[in-house]
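Heads up, the thing below is written out as structure tokens.
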Amino acid sequence: MLISGAQSAGVCYGRNGDNLPSDTEVVDLYKSNGIGRMRIYEPNQATLEALRGSNIELMVTILNNNLQALTDAAAATDWVQKNVQPYSADVKFKYIAVGNEVHPDAAEAQYLLPAIQNIQNAVTAANLQGQIKVSTAVDTTLLDPSFPPSDGAFSSAANSFITPIITFLGNNGAPLLVNIYPYFAYIGDPANIKLEYALFTSPGVVVQDGSNGYQNIFDAILDTHYSALEKAGASNMAIVVSEGGWPSEGSDAATNGNAGTYYSNLINHVKTGTPKRPNGAIETYLFAMFDENLKDGAEIENHFGIFSPNKQPKYQLTFG
């Protein structure tokens, strides 16, 4: 199956379950559902083998506990030579996400930029820089202020951490990867954020910000990050939404109905832009392919899948 270049929605393939299908079955499930993009959380060899010849675009994540080692240039070269080069002829690597949601006060923060630089240099040495963009995935906690969208900026605590990273990404033509979860925004402030605003079901504009009107919080969060990038000197940088989903169990708002509505509306919505960046689709990765029964944390963490581990769809979603 040929995947349309216009497709915007991919799906994250997390593997924190003891009842999940084989990697070959997973890749077949992506193909049979027209899902043309995948994010994985470590360079699992069985997954990479299964992806050969699939035409699925791939984002590979480097976990935070590996960042310190990759401040050594030779280790970064080894990482690319082991996990990318043997597959690059017939696996469509698109992004390497160096770190996921590293916070400025985390122990790993000091290692993030050197690791990104070394992985970028290794990708360039392998002559893959035209195909693979090296970036990092951040969450929404780096912003302050975060409302209204036009006032968005990186917080004083995050600024010295993230600005050199953004400068490096910009010099290499890479996007910033951002994990965006309207679900958590809603449950964190239900008095001020209505469920309809989180689920893309508001009948009209909820937030007016200058000439831009916002009917959903997804666009508002995304445009807040665009405003922050502008203030950080990166007004032309693209954002890829590297993660985002809605759980089907585990809290009041976590229902099958809400999750199905969210995913369906998200897939349709990201075919077009935001009020601030109206031209072009929003490349977005749904979290996640399967319910994962071994995930730590609150009960909701086990229920983000769009498929059950038996490969049955939880919702009627149409990709492509």
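Kindly indicate whether any position in region 238-249 is more than 30 Å from Pro164 (Cα to Cα), in contact (Cβ under 8 Å) with a residue 24 or more places away in the chain and of a type in the set (A, V, I, L, M). There is no residue in region 238-249 that is more than 30 Å from Pro164 (Cα to Cα), in contact (Cβ under 8 Å) with a residue 24 or more places away in the chain and of a type in the set (A, V, I, L, M).
Filtering region 213-232 to residues that are open to solvent by 10 Å² or more (accessible area, probe 1.4 Å) and touching a Lys or Arg at 6+ places or on another chain (Cβ under 6 Å) leaves only Tyr226. If you go through region 182-209 and pick out every residue that is buried (at least 21 other Cβ atoms within 10 Å of the Cβ) and touching a Gly at 6+ places or on another chain (Cβ under 8 Å), you end up with 2. Of all residue pairs spaced 6 or more apart or on separate chains, those with beta-carbon atoms under 9 Å, a first member in region 254-282 that is within 20 Å of Val205 (Cα to Cα) and a second member that is open to solvent by 40 Å² or more (accessible area, probe 1.4 Å) and among the hydrophobic types (A, V, I, L, M, F, W, C) are Val270/Ala281; Lys271/Ala6; Lys271/Ala281; Thr272/Ala281; Gly273/Ala281; Arg277/Ala238.
To keep it simple, each residue is scored yes or no on (1) in contact with a Cys (Cβ under 6 Å, 6 or more places away or on another chain); (2) at pLDDT 95 or above; (3) within 24 Å of Asp28 (Cα to Cα); (4) among the β-branched types (Val, Ile, Thr).
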residue: Thr224; (1), (2), (3), (4): no, yes, no, yes
residue: Leu229; (1), (2), (3), (4): no, yes, no, no
residue: Gly233; (1), (2), (3), (4): no, yes, no, no
residue: Ile239; (1), (2), (3), (4): no, yes, no, yes
residue: Ser251; (1), (2), (3), (4): no, no, no, no
residue: Tyr262; (1), (2), (3), (4): no, yes, no, no
residue: Thr272; (1), (2), (3), (4): no, no, no, yes
residue: Asn293; (1), (2), (3), (4): no, yes, yes, no
residue: Gly320; (1), (2), (3), (4): no, no, yes, no
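Determine which member of the set Thr274, Thr255 is out of contact with any strand residue (DSSP E or B) (no Cβ under 9 Å at 6 or more places or on another chain) and of a type in the set (Val, Ile, Thr). Only one candidate qualifies: Thr255. Only residues that are open to solvent by 10 Å² or more (accessible area, probe 1.4 Å) and either in contact with a Pro (Cβ under 7 Å, 6 or more places away or on another chain) or on the phi > 0 side of the Ramachandran plot (or both) were counted in region 279-299, giving 3.
Evaluating Ile132 against the criteria (1) within 19 Å of the chain's Cα centre (by Cα); (2) open to solvent by 40 Å² or more (accessible area, probe 1.4 Å) leaves one unmet condition, (2). For the residues Ala157, Ala137, the requirement of being in contact with an Asp or Glu (Cβ under 8 Å, 6 or more places away or on another chain), buried (at least 17 other Cβ atoms within 10 Å of the Cβ) and outside any loop (DSSP other than H, G, I, E, B) singles out Ala137. In this entry, His269 passes the filter for residues that are buried (at least 17 other Cβ atoms within 10 Å of the Cβ) and more than 15 Å from Leu176 (Cα to Cα).
Would you check which residues across region 195-222 are of a type in the set (A, V, I, L, M, F, W, C), within 23 Å of Ser242 (Cα to Cα) and in contact with a strand residue (DSSP E or B) (Cβ under 9 Å, 6 or more places away or on another chain) and list them?
Ile217, Phe218, Ala220, Ile221, Leu222
Looking at Asn118, Asn127, Asn55, Asn83, just one residue is on the phi > 0 side of the Ramachandran plot and either among the hydrophobic types (A, V, I, L, M, F, W, C) or in contact with a Leu (Cβ under 8 Å, 6 or more places away or on another chain) (or both), and that residue is Asn55.
The values are calculated or read from the model by the stated rules, or taken from the named source; none is laboratory data. Computed from a predicted structure; not experimentally measured. Cβ: placed from backbone, ideal geometry, glycine included. Neighbour counts: every protein chain shown. Just so you know, the surface numbers come from the protein's heavy atoms only, side chains and all, with ligands and any DNA or RNA stripped out. Shrake-Rupley method; radii C 1.70, N 1.55, O 1.52, S 1.80 Å.
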